[in-house]
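Colleague: Dropping the structure in here first, questions after.
The values are calculated or read from the model by the stated rules, or taken from the named source; none is laboratory data. Everything quoted here is computed from the prediction, not taken from an experiment. Quick reminder, even Gly has a Cβ in these numbers, built from the backbone with ideal geometry, and neighbours come from all protein chains shown. The protein model used for the area step is the full one, side chains on, heavy atoms only, and it has no ligands, DNA or RNA in it. Shrake-Rupley method; radii C 1.70, N 1.55, O 1.52, S 1.80 Å.
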Amino acid sequence: MKKILSLILMGAVFTSCYKKPDLYQAPKVPTVKVSHPHKEEIELYDTYTGYTEALGKVTIVPRVTGTLEHRYFEPGEKVRKGQVLFTLEKEPYLSQLNQAKAKVERAKADLEMKKVTYQSYAKLVNTSAVSELKYLQSKANVDEAEAGLLNAIADLEAQKNTYSYTKIKAPISGTISNYYVDNGNVVKAESSTELAYIVNSSKMNIFFTVPATKYYELQKLHESLDGMSVDVLADDNETLLAEGKVIYHDPNVDLKSGSITLKAQVENKDAVLIDGTYVRIKLIKREHENAMLIPQVAIERDQVGPYVYTVESDTVRQHRVKLGEEIGDQIIVKSGVKESDDLIVSGIQRARDGIKVNPVTASK
């Protein structure tokens with residue numbers, strides 16, 4: 001019995017000395033990174049794919065038939081308007097020109113002779129020496145001779161033009177292409193024979209299409225699309241090639257694509273742009289002064305809409321925001337935050353409205 005009592009007493013002593021461990025540990029305050037929204041003057045724009053077309057492009061074709069005798073340019077050369085490019089054999093057309101000149105001289109002589117006869121009859125018609133019929137006939141002969149002279153002069157002008165076509169001249173200034181017919185070949189007028197072409201690329205037309213929905217959006221921002229600024233960019237969407245303005249848009253929507261074609265015109269300084277190439281078009285919608293920007297990673301969304309978290313006195317606060325256009329990895333905020341707000345940009349998954357956090361400033 002004493003032994004049992006001793007064991008009981010010993011157990012009580014051990015029980016009183018043992019302290020149950022405290023299993024509850026307060027959660028650590030999560031660390032989040034914060035930064036301030038900032039204001040910036042920005043350009044709002046959309047980008048599209050377009051293609052270039054030289055303002056002046058002319059195909060050189062023969063206007064008379066003949067043997068090609070000489071070429072007076074090198075491919076890729078800059079040529080001037082009116083510069084002789086090719087010559088055709090001129091002998092057949094020179095002969096026709098000389099014949100036309102002779103016809104004019106004969107018509108002049110014939111008219112002079114008939115005028116003399118008419119004038120002499122006009123003096124005698126009242127004396128019965130010449131009948132009125134002969135007088136009237138001589139007047140008709142003069143009228144006919146005058147018409148004959150006019151026809152001869154018109155034919156002479158036509159022959160001069162035809163003869164001039166044996167010299168094929170540049171109709172515009174620009175860069176000339178390779179030649180496609182060698183000397184000695186016979187070329188025919190009014191045929192599809194292409195001798196060369198000239199491109200004047202000092203200015204470029206840029207054609208591009210925009211969805212009809214975007215078109216209506218732009219119409220709300222501008223009274224007219226004509227005059228809107230465009231930048232022509234390289235494929236990297238960054239390198240600026242040229243600047244210009246929209247000068248035309250189609251009056252109807254393409255039902256197949258649901259888009260509208262616009263045409264811009266740009267100065268092609270240093271001949272950077274080449275006719276018939278694809279480029280990127282930056283269509284500047286408007287400039288936005290003092291736009292409030294925040295990183296897109298700060299935006300959360302639920303069924304109600306977008307929101308952000310800020311930290312106020314180490315406590316997370318939720319703010320509903322109204323968003324605008326995306327600018328790279330940033331986005332415009334129209335309402336809901338201030339420049340002084342500590343906006344959570346990292347660690348958002350640990351943030352909840354009303355909890356305590358440890359805010360640290362995010363590195364820029």
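Colleague: Give the number of residues within segment 231-248 that are open to solvent by 40 Å² or more (accessible area, probe 1.4 Å) and more than 11 Å from the chain's Cα centre (by Cα). Explain how you work it out, then say what you get.
Modeller: Initial filter on segment 231-248 (open to solvent by 40 Å² or more (accessible area, probe 1.4 Å)): 235-241, 243, 245, 247-248.
With the extra rule that they be more than 11 Å from the chain's Cα centre (by Cα), the set shrinks to 235-241.
The number of residues fulfilling the criteria is 7.
Colleague: Tell me, which residue of segment 258-270 that is within 16 Å of Ile281 (Cβ to Cβ) and among the small types (Gly, Ala, Ser) is modelled with the highest pLDDT? Please lay out each step first, then the result.
Modeller: Applying the first criterion (within 16 Å of Ile281 (Cβ to Cβ)) to segment 258-270 yields 259-268.
Filter once more, keeping what is among the small types (Gly, Ala, Ser): 259, 264.
Details: Ser259: 90, Ala264: 94.
The qualifying residue modelled with the highest pLDDT is Ala264.
Colleague: Going by the conditions given, is Val116 modelled with pLDDT of 95 or more and either hydrophobic (A, V, I, L, M, F, W, C) or farther than 30 Å from Ile172 by Cβ (or both)? Step through it out loud before you land on a result.
Modeller: On the way: modelled with pLDDT of 95 or more: no; either hydrophobic (A, V, I, L, M, F, W, C) or farther than 30 Å from Ile172 by Cβ (or both): yes.
No, not satisfied.
Colleague: Considering each residue of segment 275-295, count those that are at pLDDT 90 or above and open to solvent by 60 Å² or more (accessible area, probe 1.4 Å), and give that number.
Modeller: The number of residues fulfilling the criteria is 1.
Colleague: Quick check on my filter: what residues within segment 315-329 are farther than 18 Å from Ile355 by Cβ and either out of contact with any Leu (no Cβ under 8 Å at 6 or more places or on another chain) or surrounded by fewer than 14 Cβ atoms within 10 Å (Cβ to Cβ) (or both)?
Modeller: Looking only at segment 315-329, we keep the residues that are farther than 18 Å from Ile355 by Cβ, and these are 320-329.
Arg320, Val321, Lys322, Leu323, Gly324, Glu326, Gly328, Asp329 - these are the residues of segment 315-329 that are farther than 18 Å from Ile355 by Cβ and either out of contact with any Leu (no Cβ under 8 Å at 6 or more places or on another chain) or surrounded by fewer than 14 Cβ atoms within 10 Å (Cβ to Cβ) (or both).
Colleague: Now for a separate question. Gly305 is checked against (1) within 30 Å of Lys214 (Cβ to Cβ); (2) among the small types (Gly, Ala, Ser); (3) open to solvent by 70 Å² or more (accessible area, probe 1.4 Å) and fails just one. What number does that condition carry?
Modeller: Against the list (1) within 30 Å of Lys214 (Cβ to Cβ); (2) among the small types (Gly, Ala, Ser); (3) open to solvent by 70 Å² or more (accessible area, probe 1.4 Å), Gly305 comes up short only on (3).
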